[in-house]
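These notes are about the structure you will find just below.
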């Protein structure tokens, strides 16, 4: 049995009549902390502690990998919190990096021609791909003038924040 | 006669999955969660009786995959599928696949989903039911578009017939931009919705978004009052309330009647919402669209009419008639909901996925928090940014706004960036506090505080 909002209200009615400022409740399935807020009223912090009861996927080929995939996703999400200053240049090539984590797309729409191919000429403002994060499409700009030397991610591949998306061979244009 | 539902597959994620789970638990229905690989460790997965994986993180391969969802229902021998909102909730293919597999679809009929989902057909039904619609109509090309636009006058809105949820809309302010907008809209509509049809409507710049909640059993249709969702940005709602403030009695009654007439025209079964745009200058309203599912903002209606809308949905899905008489529906007090999203409103509403390190919410009388996050929860980049809904209820609107301000001060979600600061600022805004603001309020507010509009 999980705690409902009505249960919490009932507990608060009891607590209100006491001098206590905090209540911590723990059962096999959840933890609940209720605290009097400095400005009046109460706050709640709850935690469902039971483990998910996950069934093997129905006739799915990926059933053996589901657990590990989840953990990888969670871990990598936190890792992006503090990205180190990335090196921007290697072998004279400039790196184009993902502005935020999400799914990388090479074309504006499914079935449409890719924004760029290896060899495409780009300048700072050229859109070279899209990163989809939380249903929002974010343009990835080349950031440099030159030629696309390498495309490092496949279409629809997941990109970490600051992941190298492409490498650009810089070009210094004669004036 | 349909059977009593004993086991329901919840084909959704996030706060709505938790919301549906809670009603199932209260009703003694076993709840099995259909989750993607990214959600196997989520709060709904911990609360569900069982969880079945329906595919990888990408929603097109999991939550949007009709075969995976129906396959999961059959694998766990579920009596019914509850689709929640978004994803497949309004997809007629899921309703049909459920029928074919002998699984109850908790929602309207396939034909009703098709009628509400095709915006032109919905518009035709609205006209037939006597509802006022925005001047406009379908255009098959640029010439037709130009003629129609001259008739209805600029600015106009080019809309994709298959669009929805704020997608597939293009405002055009003068004749010069029309050709390109129509051509692009048709190309994009084909690519995005598989349906190149577009239509034009008059663009109303100053109006209020008011909607009416319906409940129907296929014969009887009643309304459960109205909501105001005018606080929105780029057609995405941010704050909703019930009842809609400062609506004249005559206008309110006409909108309620219009919504019921639309539901009756479809012989609507389930819960649904008819959306209207109220024209403040002319003191009239126009039909916008119908949403044939439970809505994100349904809790504000629940709080003021004292009903569990998910339980009502399940009762209808079990084949039971609406037992509530229209005269029994009474509104009590005023409720406001804030959508707490993982986004940085100071940086162009940039999304902020990550891991929640702490989640502190207010508690007490008149306060309800619908959420799927707790300390340690992942907020994955694959899905929308809603992390919690704070719902407060007061005696009247003034009381509700005061309680909302207090409740927002007691909210803290760490580890990700949320729009809580925006809600606090908005709650203190005199125009919002005054009530009855129009759909341009949020843009004005953001401009006023100099927030990056992105």
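No lab work stands behind these numbers, since they all come straight from the coordinates. Please read these numbers as outputs of a predicted model, since none were measured by experiment. We place every Cβ from the backbone using ideal geometry, glycine too, and count neighbours over all the protein chains shown.
Numbers at a glance
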quantity	calculated
Sorted largest first, extent of the protein assembly as shown alpha carbons per principal axis (Å)	79, 64, 54
Principal axis dimensions, chain B - Cα atoms, whole angstrom, descending	58, 50, 46
For q = 0.11 Å⁻¹, Debye-computed log10 I/I(0) when each Cα of region B:207-449 counts as one equal scatterer	-0.58
Exercise: per-residue mean of other protein chain Cβ atoms within 10 Å, B:361-370	6
Cubic angstrom per residue, convex hull over Cα atoms of region B:7-106	77
Cβ neighbours within 10 Å from other chains - mean over B:33-43	5
Neighbour-count order for A:46, B:59, fewest beta carbons within 10 angstrom listed first	B:59, A:46
Sum of -39500 (n - 2.57) over DSSP H runs of 4+, divided by residues of the protein assembly as shown (222 nm, nearest 500)	-8500 deg cm²/dmol
Least to most buried among B:357, B:371 (fewest other Cβ within 10 Å first)	B:357, B:371
Other protein chain Cβ atoms within 10 Å, averaged over every residue that makes up B:377-385	6
Calculated over region A:1-58: convex hull of Cα atoms, volume per residue (Å³)	104
Taking chain B and dividing mean pair separation by its residue count, relative contact order in percent (alpha carbons under 8 Å, at least six apart)	15
Sorted peptide list for B:343-353, B:185-195, A:147-157, criterion being average Cβ within 10 angstrom, highest first	B:343-353, B:185-195, A:147-157
Two-decimal ratio, region B:74-195, of alpha-carbon radius of gyration to 2.2 N^0.38 Å	1.31
Average Cα contact separation per residue, region B:108-213, under 8 Å, 6 or more apart, as relative contact order %	30
Global geometry of region B:113-153, whether rounded, prolate or oblate, following the gyration tensor of its Cα atoms and the 1.5 cut on a/c	oblate
Per-residue Cβ neighbour rank within 10 angstrom, fewest leading, B:138, B:77	B:77, B:138
